[in-house]
Amino acid sequence: MRKPFVNRFTYSHSSWKLYSQCPRAWWWAKVGSWFGWPNHGRPAKDPERALAYMLSKMETIPQTSGKILHEIAAELVAEGSMPAKGVLARRYEVRMLGAYAEALTGAYQADPKHKINLFEVYYGLPNPRDRLGQTISEGRVAAENLRSSRSIARARRHQVLAAERLEEFNIGNVPVFCKTDLATKDPVTGLIYLTDYKTSANNSPRRESEDREQLAFYGRAATLIYGVPAQQVRLTLSMLHSGTEDTWASSDEEVAGVERLVLRRAATIRSQLQDQTRNAAPRIRFPETSNPKICGSCVFYHACKGRRRLGE
Ligand code: SF4
């Protein structure tokens, strides 16, 4: 017998980031879009849920670029050999142009999960081609930097445990998801290296501290998934735009700190749900942000504010 399909609460670093920017956006992503996916090619019965689901799959041009760079990194690990100079940049550019062309067709309306819908195109932002061109020229450099990346070199020497894999585990009573960019094990020392690729050219101190917090979270994941102490885990931030990497050791204190943080954050969100077992709540329980700048870059703008033009 098939298990009943129930919306359940799960925590991830990205879902917390969404919630902390705007609780209502979290509601659209996790509650308001539930059951909004097409069924056997037919649109969902509830048009609001269908719209929210379609919007939840939308990406910005930089997000698409990041996704493609992550795919290429995982392919490099699987292929085991290094392509000639320029091949990765071309592979990246072809996919970016393909994604943009696909977004222009509007195919995402019928198949939001598999067809690209770009925020800049959907909401009619000025000069999306210029944004695309700028992103591609930066992304080409990032793709080529993978050739000399220490983490890819490590993957050649180490046992590869995971590449671009979605992991699920529990912290206390909280089901947690995280996507591992690359996890390898040194056959000599037994150390586990977790690499997180950063594909944005923006390396502000705030962003760096968020990245480090995210890596600490992955460190906790590694101790649970691979059953090793924190001292056996090495965390690597790989900045693809600059081609630099920073590696440090996880620790018991860091792991305990992350665990407390996740439990506290999950409790904050859960306390606003009406039915915690079904992840259900009326939208009013999740307030809108008062910061119009956040609305201006929110994929749920159409569902939340009606079909207005962005910024109206
Ligand atoms: S449009 Fe604004 S208020 Fe509505 S979900 Fe997005 S960020 Fe929140």
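The number of residues in the range 282-297 being closer than 22 Å to GLN63 by Cα and of a type in the set (D, E, K, R) comes to 1.
Look at (1) at pLDDT 95 or above; (2) under 27 Å from GLY66 (Cα atoms); (3) not polar (S, T, N, Q) and you find that ALA267 fails only one, number (2).
The helices (runs of 4 or more DSSP H) found wholly in the range 244-312 and carrying at least 3 residues that are within 16 Å of the ligand (Cβ to nearest atom) occupy 292-295, 301-305.
Just to be sure, is PRO47 touching a residue at least 60 places away in the same chain (Cβ under 8 Å), on the phi < 0 side of the Ramachandran plot and over 16 Å from the mean Cα position of the chain (by Cα)? Here the answer is no, as PRO47 does not meet what is asked.
For the range 211-241, how many residues are under 30 Å from ALA89 (Cβ atoms) and free of Cβ contacts under 8 Å to residues at least 40 places away in the same chain? Walk me through how you get there before you give the answer.
Looking only at the range 211-241, we keep the residues that are under 30 Å from ALA89 (Cβ atoms), and these are 211-212, 214-215, 218, 234-241.
Those left that are additionally free of Cβ contacts under 8 Å to residues at least 40 places away in the same chain: 211-212, 215.
The total comes to 3.
Taken over the range 103-114, the criterion of being crowded, with 17+ Cβ neighbours inside 10 Å and either part of a helix (DSSP H, G or I) or touching a Ser or Thr at 6+ places or on another chain (Cβ under 7 Å) (or both) is satisfied by ALA103, TYR108. As a summary of the residue check, GLY36 satisfies the conditions (1) within 16 Å of the ligand (Cβ to nearest atom); (2) within 29 Å of ARG220 (Cα to Cα); (3) not in a helix (DSSP H, G or I) except for the one numbered (2).
Checked against (1) within 16 Å of the ligand (Cβ to nearest atom); (2) in contact with a Phe, Trp or Tyr (Cβ under 9 Å, 6 or more places away or on another chain), GLN21 meets all criteria but (2). The listed residues are ALA221, ALA183, ALA230, ALA249, and the only one of them that is in contact with a Cys (Cβ under 6 Å, 6 or more places away or on another chain) and of a type outside the set (D, E, K, R) turns out to be ALA221. In summary, strands (runs of 3 or more DSSP E) completely within the range 152-217 and bearing 3 or more residues that are in contact with an Asp or Glu (Cβ under 7 Å, 6 or more places away or on another chain) occur at 174-185, 192-198.
Scan the range 119-140 and tell me whether some residue there is assigned to a strand (DSSP E or B), in contact with a helix residue (DSSP H, G or I) (Cβ under 8 Å, 6 or more places away or on another chain) and closer than 26 Å to GLU75 by Cα. For the range 119-140, residues assigned to a strand (DSSP E or B), in contact with a helix residue (DSSP H, G or I) (Cβ under 8 Å, 6 or more places away or on another chain) and closer than 26 Å to GLU75 by Cα: absent. For the range 186-202, the tally of residues that are surrounded by 14 or more Cβ atoms within 10 Å (Cβ to Cβ) and without any contact (Cβ under 8 Å) to a residue 40 or more places away in the chain stands at 1.
The values are calculated or read from the model by the stated rules, or taken from the named source; none is laboratory data. A quick note: this is a predicted structure, and the numbers were derived from the prediction, not measured. Positions of Cβ are generated from backbone atoms using ideal geometry, with glycine treated the same way; all protein chains shown enter the neighbour counts.
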